[in-house]
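Written out below as structure tokens is the structure these notes cover.
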Amino acid sequence: MDVLRASSSTLVHSPYISTTTTRSKTQFPKPIFHHLKLKLTVFDSSFTLFERNGSKSRLFMTLSSSPASTTESIEPPMPELEADGREKKRFDWYSHWYPVMPICDLDKRVPHAKKVLGLDLVVWWDRNENEWKVFDDTCPHRLAPLSDGRIDQWGRLQCVYHGWCFNGNGDCKLIPQAPPDGPPVHTFKEACVTVYPSTVQHDIVWVWPNADPQYKDIIMKKKPPYIPVLDDPSFSGPMGNREFPFGYEVLIENLMDPAHLPYAHYGLIFNPTPKVKVDREGGSPLGMKVEKLDINGFNGKQDWGCSYFIAPCVYHAFIDVDQRNGSAISETEKSNRRLCLVFMCIPVSPGKSRFIWSFPKNFGVWIDKIVPRWMFHIGQNLILDSDLYLLHVQEHKIMELEATNWQEACFVPTKSDAFVVGFRRWLNKYGGGTVDWKGKFSRALPPSPPREQLMDRYWTHVVSCKSCNTAQKGLKTLEVMLQTMSVISIGIVAVTKQNMISMVAKSTMVSMAIICFAASKWLAQFIYKNFHYHDYNHAFV
């Protein structure tokens with residue numbers, strides 16, 4: 001997404017924008033239908049623009065051209081409305097379920113360190129209760145991280161600093177340093193670990209980030225957002241996860257923005273040619289409509305499908321595949337090929353977020369059964385990397401401007417930014433304008449690391465993806481084997497006497513040595529580019 005600042009001394013001339021100082025509406029022409037590749041979303045919206053104070057342009061979005069519409073306007077709230085407390089509803093960031101990790105990427109043998117909403121958590125498998133547990137990642141003894149511990153032979157979580165052990169309820173069951181004939185200090189409340197409510201839904205571990213006793217049985221009253229296709233056996237789609245060096249807000253609005261796809265991901269995603277092609281990439285106007293916005297999120301409607309933002313983490317969309325390019329087909333045929341895009345965006349800390357994705361579909365299901373997940377992840381990570389640097393820099397620029405309102409920093413005059421504006425409207429009106437970190441962090445973002453470290457795949461994906469981690473280790477082993485075979489072949493030729501082996505055999509062994517060496521070099525480059533770092537130069541695509 002481009003971050004553009006409108007100069008107070010410049011009037012923007014556009015067929016979509018009124019440059020007069022009156023508060024009159026500007027109507028937009030009917031958008032050209034545009035359908036995108038299956039694996040990414042396209043969205044719809046309609047806007048009305050007002051000019052404020054004759055300088056900064058302020059964008060408003062409406063949901064219907066009819067004044068009598070009963071749907072809510074997505075007009076960004078004025079800052080003073082938030083400040084004076086007149087807005088009664090307020091989104092409680094700590095009273096909702098948050099996805100932590102897909103269970104396919106969790107090893108039951110070890111504890112896992114994860115962070116959600118700035119909370120340091122440890123996720124581990126309690127084999128005594130056959131459940132995934134989520135604890136505060138802090139031993140009550142000397143505050144060592146329990147995620148660096150182990151699961152002992154009795155299935156308890158053990159801190160490896162002094163050996164304290166905890167059961168699935170967070171109770172301390174053993175303090176090795178306490179004499180057996182002394183007071184039972186392990187039973188004291190201070191020896192217990194904080195336990196967060198957790199559950200598994202859609203093969204994902206979810207956490208309720210509030211350990212207050214009143215929420216102990218919250219799963220009986222409120223469940224995580226339910227997406228039926230993730231449990232539908234006729235749909236199939238492998239999951240993935242990735243850590244990003246930019247915040248939750250930037251991540252989720254980027255996923256809601258289809259207009260950047262033909263540009264930031266050019267050459268990586270198929271983009272149908274529009275009727276009127278204005279440039280090489282084939283960008284075009286996008287039509288959208290938001291039908292409802294409230295404290296729980298918003299719904300969107302497009303010609304080709306529908307989409308939903310379920311606050312605070314889930315964004316998913318349905319695509320009627322056979323409606324691509326507006327082709328006329330029967331309703332029966334339309335229902336036969338469906339794709340759902342499921343995006344889960346987790347706030348980790350300022351400037352950091354976690355992404356869990358899946359693309360369940362009811363066609364080509366056999367492909368997901370025979371192709372390993374890591375092969376899908378190679379292409380998906382390349383797409384994610386191709387705009388990673390842009391988003392990281394974008395977030396820092398917005399922060400540097402110290403804008404009190406996102407729209408004071410960004411100029412969004414077209415309909416293609418509808419859902420982005422809708423999300424910012426929700427965030428400002430209900431979420432307090434930003435994630436509630438409970439005072440744990442300042443507003444400052446982490447410093448920008450070197451580009452290769454910023455776009456590193458190994459620590460942000462491979463180590464936490466069981467499929468990619470296994471593939472990377474297997475390919476590294478194969479690389480070493482090829483190098484060893486090359487050395488052995490050359491060694492045999494070198495030590496063998498001339499009359500003991502024919503020239504044909506020698507030539508064959510030398511050729512094999514060269515082929516193995518070349519293959520090992522190619523494999524090393526393949527491993528580096530797909531499991532460690534693959535830059536994307538937009539100027540040469």
Hey, any hits in segment 188-196 for a residue that's surrounded by fewer than 16 Cβ atoms within 10 Å (Cβ to Cβ), part of a loop (DSSP other than H, G, I, E, B) and aliphatic (A, V, I, L, M)?
no
Number of the condition not met by Asn428 [criteria: (1) under 30 Å from Asp92 (Cα atoms); (2) assigned to a loop (DSSP other than H, G, I, E, B)]:
(2)
Would a scan of segment 481-494 turn up a residue that is open to solvent by less than 70 Å² (accessible area, probe 1.4 Å), in a helix (DSSP H, G or I), modelled with pLDDT of 95 or more and touching a Leu at 6+ places or on another chain (Cβ under 6 Å)?
no
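Out of all the residues in segment 202-224, which are open to solvent by less than 30 Å² (accessible area, probe 1.4 Å) and either within 23 Å of the chain's Cα centre (by Cα) or touching a residue at least 24 places away in the same chain (Cβ under 8 Å) (or both)?
His202, Ile204, Val205, Trp206, Val207, Trp208, Pro209, Pro224, listed by residue number.
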Enumeration of residues in segment 197-217 that are of a type in the set (A, V, I, L, M) and either outside the structural domain of Asp126 (by the TED database) or assigned to a loop (DSSP other than H, G, I, E, B) (or both):
Ala211
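Okay, residues lined up against (1) within 12 Å of Val195 (Cα to Cα); (2) part of a strand (DSSP E or B); (3) open to solvent by 40 Å² or more (accessible area, probe 1.4 Å):
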| residue | (1), (2), (3) |
| --- | --- |
| Ala113 | no, yes, yes |
| Val123 | yes, yes, no |
| Glu129 | no, no, yes |
| Trp132 | yes, yes, no |
| Phe135 | yes, yes, no |
| His141 | no, no, yes |
| Ala144 | no, no, no |
| Gln153 | no, no, yes |
| Tyr161 | no, no, yes |
From the list Gly439, Gly433, Gly379, which residue is outside any loop (DSSP other than H, G, I, E, B) and among the small types (Gly, Ala, Ser)?
Gly379
Quick check on segment 383-393. Is at least one of its residues closer than 18 Å to Pro102 by Cα and either charged (D, E, K, R) or out of contact with any Leu (no Cβ under 7 Å at 6 or more places or on another chain) (or both)?
no
Whichever residue in segment 442-465 is of a type in the set (Lys, Arg) and in a loop (DSSP other than H, G, I, E, B) and, among such residues, is least open to solvent (accessible area, probe 1.4 Å):
Arg457
Any chance Ile269 is touching a residue at least 60 places away in the same chain (Cβ under 8 Å), in contact with a Leu (Cβ under 7 Å, 6 or more places away or on another chain) and surrounded by 16 or more Cβ atoms within 10 Å (Cβ to Cβ)
yes
Selection within segment 403-425 - crowded, with 16+ Cβ neighbours inside 10 Å and outside any helix (DSSP H, G or I)
Asn405, Cys410, Phe411, Val412, Pro413, Thr414
Looking at segment 167-187, which of the residues that are in a loop (DSSP other than H, G, I, E, B) and open to solvent by less than 40 Å² (accessible area, probe 1.4 Å) is farthest from Asp105 (Cα to Cα)?
Gly182
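The values are calculated or read from the model by the stated rules, or taken from the named source; none is laboratory data. This is a predicted model, so every value here is computed, not measured. We place every Cβ from the backbone using ideal geometry, glycine too, and count neighbours over all the protein chains shown. With ligands, DNA and RNA removed, areas are computed over all heavy atoms of the protein, side chains included. Shrake-Rupley method; radii C 1.70, N 1.55, O 1.52, S 1.80 Å.
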